[in-house]
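First the structure, in the form of structure tokens, and then the observations on it.
The values are calculated or read from the model by the stated rules, or taken from the named source; none is laboratory data. If you're wondering where the values come from, they're calculated on a predicted model, not measured in any experiment. Virtual Cβ from ideal backbone geometry, glycine too; neighbours counted across all protein chains shown. When the accessible area is computed, the model is the full protein with side chains, heavy atoms only, and any ligands, DNA or RNA have been set aside. Shrake-Rupley method; radii C 1.70, N 1.55, O 1.52, S 1.80 Å.
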Amino acid sequence: MKKEEWPIWEVFIRSKNGLEHRHVGSLHAADATMAIENARDVYTRRQEGVSIWVIESKHITASNPENSGELYEPAKDKVYRHPTFYELPIELKHI
Amino acid sequence: MDNVKNLEDQFQARIDAGEKIEPKDWMPEKYRKTHIRQISQHAHSEVVGMLPEGNWITRAPSLKRKCTLLAKVQDEAGHGLYLYSAAETLGISRDEMYEQLHTGKAKYSSIFNYPTLSWADMGTIGWLVDGAAIINQVMLTRTSFGPYARAMVRICKEESFHQRQGYEILLILCNGTAVQKEMAQDALNRFWWPSLMMFGPPDDQSPNTAQSVKWKIKRKTNDELRQRFVDITVPQAEVLGLTIPDPDLKWNEERGHYDFGEIDWTEFWQVVKGNGPCNKERLKAKVEAWDNGEWVRDAAMAYAEKKNAQLTKAI
Ligand SMILES: [Fe+2]
Ligand SMILES: [Fe+2]
């Protein structure tokens, strides 16, 4: 009997306390416990992490690159959100 | 049709500007197919590459060497997994890739179809085979497809240990007894030419190179990479006191490179076609491992489903 593949999981690792979990890659596992064990073997063979998150890939919703325009372009012309937009005298300190 | 042409132009413009392509971005069908083929074959090479070295784990000469070899082989398994995941982002399933490997439809690096006859082969593989892989993989860290480039960065970080442990094995043999040094020379004699072949056919017989360079899949041609390998490796052989088995090998002052002899491309194509010394053995080992593991995969899945069902019922 040939069953379907083990599902795909996305793996996030915190490299040390004080830093955020970062996406490092994906792997296959039958369940969450196995996904953590496999992530330990595949992504932390050289002490790359102190904490692992796994989530089944199908639960991730991603933005579509085709919508990049409407999503990200509105921020483009809002230069007044950056400190350099404001011209102040150079002799001014600590601001 | 005009529409596609337009998209292709935009795509090429992004590549030319040095942008990375991510899985959900629009890409020409051929770019996708080329990547699926190249990344999966790279993954297969990492995985099949465990077999010739796995052959020596139980016979490593010391506990230290055994730990090292185990760690290296485990790394290669990891490399295969990073790469399979990168290929999966393009819409091919893991099972499909395995299927292609097991039926012989997909290729893997020919170097792994040569036998590992002595302990010196473990040194030579680390030094030359991982060394050649490093040259290719360092180039690929800058490849245009994001997931492939990221897998390469991860892999390159781990490869240096592979090459250094191999070289150290040879260093010890070359400073040992006459018989040990002879063993090292014999391994070099057998692996030198197949290592040069790892970079693929010469540029004038490699029809896909131009497109690959245009799409920044490759940043250097096969011949350029091969030359770099020879230039780096010859002085390393001198440190060992070993002789590279090529009477035509000599420094060319004018070119600033080593000249080297003609590669036997008939042998290369014979091995690619499945007639190398170990092709059948390697594939058989892979297929058997896959088939014998089926009940484990199914049992794990059944267990996960049962646990899930219990959880749902409890809620
Ligand atoms: Fe590798
Ligand atoms: Fe390696």
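The table below lists the values:
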read-out: For the range B:65-104, residues shielded by at least 50 square angstrom of accessible area compared with the chain on its own, probe 1.4 Å; value: B:Tyr82, B:Asp95
read-out: Under Karplus coefficients 6.51, -1.76 and 1.60, residue-wise ³J(HN,Hα) of the range B:102-116 in Hz, glycine/proline x; value: 5, 8, x, 6, 9, 9, 9, 4, 4, 4, 7, 8, 9, x, 10
read-out: For the protein assembly as shown, average projected area of the Cα convex hull in nm²; value: 30.4 nm²
read-out: Listed residues B:Asp291, B:Asp259, B:Asp130, most fluctuating in chain B (Gaussian network, C-alpha, under 10 Å); value: B:Asp291
read-out: Ordering of B:193-201, B:65-73 by packing [mean C-beta count within 10 Å, highest first]; value: B:193-201, B:65-73
read-out: Spherically averaged projected area of chain A from its Cα convex hull (nm²); value: 11.4 nm²
read-out: Inter-centroid distance (Cα atoms) of the range A:51-95 relative to the range B:200-258, Å; value: 45 Å
read-out: Modelled FRET efficiency - R0 51 Å, B:Gln236 with B:Val296, Cβ distances, 0.05 increments; value: 0.75
read-out: Added length on full extension, which subtracts the Cα-Cα distance from 0.36 nm per residue, B:Thr243 to B:Arg219; value: 5.5 nm
read-out: Per-residue HN-Hα couplings for the range B:9-26 [Karplus 6.51, -1.76, 1.60; θ = phi - 60°; Hz; x = Gly/Pro]; value: 5, 4, 4, 4, 5, 5, 4, 4, 7, x, 6, 8, 9, 10, x, 8, 5, 5
read-out: Share of pairwise Cα separations in the range B:102-187, more than 19 Å, in percent; value: 51 percent
read-out: Backbone N within the range A:6-48 under 20 Å of label point (7 Å from B:Glu96 Cα along the Cβ vector); value: A:6-10, A:26-29
read-out: Length-normalised contact order for chain B - Cα pairs under 8 Å, 6+ apart - percent; value: 18 percent
read-out: Size-normalised alpha-carbon gyration radius of the range B:191-315, reference 2.2 N^0.38 Å; value: 1.74
read-out: Exposed GluC sites (Glu not before Pro) absent: longest stretch of chain B, with sites in DSSP loops and at most 16 other Cβ within 10 Å deemed exposed; value: B:20-252
read-out: Fraction of accessible area attributable to carbon and sulfur, the range A:19-95 (%, probe 1.4 Å); value: 55 percent
read-out: Total accessible area lost when A and B pair, probe 1.4 Å, Å² to nearest 100; value: 2100 Å²
read-out: Percent accessible area from carbon and sulfur atoms, the range B:115-247, protein chains only, probe 1.4 Å; value: 56 percent
read-out: Coarse-grained scattering of the range B:139-247 at q = 0.14, 0.15 Å⁻¹, given as base-10 log I(q)/I(0) from a Debye sum over alpha-carbon atoms; value: -0.72, -0.80
read-out: Carbon plus sulfur fraction of accessible area for the range B:258-315, probe 1.4 Å, in percent; value: 59 percent
read-out: Amide H partners (placed H, <5 Å) of B:Ala106, local residues excluded; value: B:Leu101
read-out: Peptide-level mean, for B:295-302, of C-beta atoms on other protein chains within 10 Å; value: 4
read-out: Residue mean of other protein chain beta carbons inside 10 Å, B:22-28; value: 2
read-out: Principal semi-axes in Å for chain B [√(5λ), Cα gyration tensor, largest first]; value: 35, 29, 17
